[in-house]
Amino acid sequence: MEDALRPVIVICASVLITLAIGWATDRLLHKAAERNHDSPLWELLRRARIPYQLVLCTALLRGSYDQTKVLERHQAGIARTLTLVLIGSAAWLVIRIAAAVVETTYRRYARVHQDAARVRRVRTQVELIMRVVSAIVIVVAIASMLLTFPAMRAAGASLLASAGILGIVAGVAAQSTLSNMFAGLQIAFGDMVRIGDTVVVDGEWGTVDEITLTFLTVRTWDERRITMPVSYFTSKPFENWSRGTPQMTGTVFWHLDHSAPVEAMREKLRDILRECPAWDGRSYSLVVTDSTPSTLQVRALMTAKDSADIWTVRVAVREQMITWLVREHPYALPRVNTAAAVLPPHHLPSLDGTSLRKDHAHPRTGRP
């Protein structure tokens with residue numbers, strides 16, 4: 001009877017102790033979060049209660065399993081399984097704790113600093129640091145799991161002996177991957193591009209949505225996702241509209257007839273911008289930038305506080321100016337001229353249809 005109850009008592013005691021310690025720890029973290037409203041650390045740490053309880057329960061079972069006297073023939077296998085679960089749950093707990101600490105540091109930094117560009121840069125660095133920390137913890141955990149097997153420990157000497165050759169082979173085989181990883185670190189700490197930046201890549205306008213050690217994702221204005229290796233941003237030129245100040249200058253072009261009322265268009269542009277909330281009021285202008293035998297090229301220039309507002313200003317100016325020209329000055333719109341050419345005043349038509357100049361001699365008489 002005692003042999004039958006011993007494993008039940010050990011397992012139930014381990015589970016009850018785990019639940020009690022987990023509940024007590026969660027209550028302490030909850031009270032700490034209520035006392036420190038400015039710090040999200042304690043609330044974030046509460047998200048690690050599942051791996052925390054798993055570590056406690058596995059550790060208790062691993063330490064007391066020898067006392068259960070259950071499945072003694074498989075004792076080594078069960079003990080190794082519990083060890084593997086303990087290592088995995090411990091790695092999970094470490095990642096959750098590290099994520100809570102890093103996220104708390106970032107939120108505190110974002111609350112103190114008002115510079116949006118600097119906050120985005122720190123956010124990018126935090127994301128990549130967490131990925132590196134998670135990768136290191138996972139690699140260490142997997143290595144620790146493998147070392148629990150005697151065969152892996154016996155092979156350790158030979159693996160270390162061939163580490164140099166394997167390193168060279170791996171470096172050559174993973175050259176592109178390693179270059180992307182170093183490029184990702186360069187982007188994170190070189191402040192080239194950050195999460196939330198507005199960029200133009202290969203003619204596509206969008207916002208940086210995600211940055212990892214190997215690839216970068218740009219979300220376009222039409223909700224598409226463009227994924228490219230981070231090495232692209234360290235080897236090719238691209239536009240970053242968010243670097244420096246977010247203020248931007250936009251242009252709108254029209255091709256109009258030579259009779260277009262340019263001065264009236266300047267006044268209309270001023271009225272349109274005054275009624276447009278997206279215009280920041282810094283400057284505007286309207287000039288003739290080019291001419292062709294049939295049209296004039298008119299350029300309007302306006303400013304806004306960021307890329308989103310400059311787009312709004314440009315479409316508003318383009319639409320309202322065309323509407324105004326159609327309604328008030330339709331003659332200013334470009335058209336195909338099919339009328340006969342108007343002769344200069346000093347040319348007079350002759351009876352036979354040829355033109356004569358007053359100051360030139362007649363071809364027959366020689367007189368003017």
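Assorted remarks:
- The stretch between Glu267 and Leu16 holds 82.3 nm of extra length on full extension. This uses 0.36 nm per residue minus the Cα-Cα distance.
- Linear extension gain, Ile138 paired with Val200, 0.36 nm per residue minus alpha-carbon span: 18.8 nm
- Taking Cβ atoms as reference points and 12 Å as the exclusive limit, the residues near Thr251 contribute a net charge of +3, counting Lys and Arg as +1 and Asp and Glu as -1.
- Scoring 77-86, 232-241, 30-39 by mean Cβ neighbours within 10 Å over their residues and listing the highest first yields 77-86, 232-241, 30-39.
- Backbone geometry of region 194-203 corresponds, through the Karplus equation with coefficients 6.51, -1.76 and 1.60 at θ = phi - 60°, to 3J(HN,Hα) couplings of 10, 4, x, 6, 8, 10, 10, 10, 6, x Hz, x marking Gly and Pro.
- Straightening the chain between Ala116 and Thr83 buys 7.3 nm, computed as 0.36 nm per residue apart minus the Cα-Cα spacing.
- Distance from region 255-272 to region 92-152 (C-alpha centre basis), Å: 57 Å
- Taking amide H atoms as placed 1.01 Å from N in the peptide plane, the amide H of Val230 lies under 5 Å from those of Phe215, Leu216, each 5 or more residues away in sequence or on another chain.
A short reminder: the numbers here are calculations on the coordinates, not readings from a lab. As the structure is a prediction and not an experimental result, all values here were calculated from the model. So basically every Cβ, Gly included, is an ideal-geometry build from the backbone, and we count neighbours across all protein chains shown.
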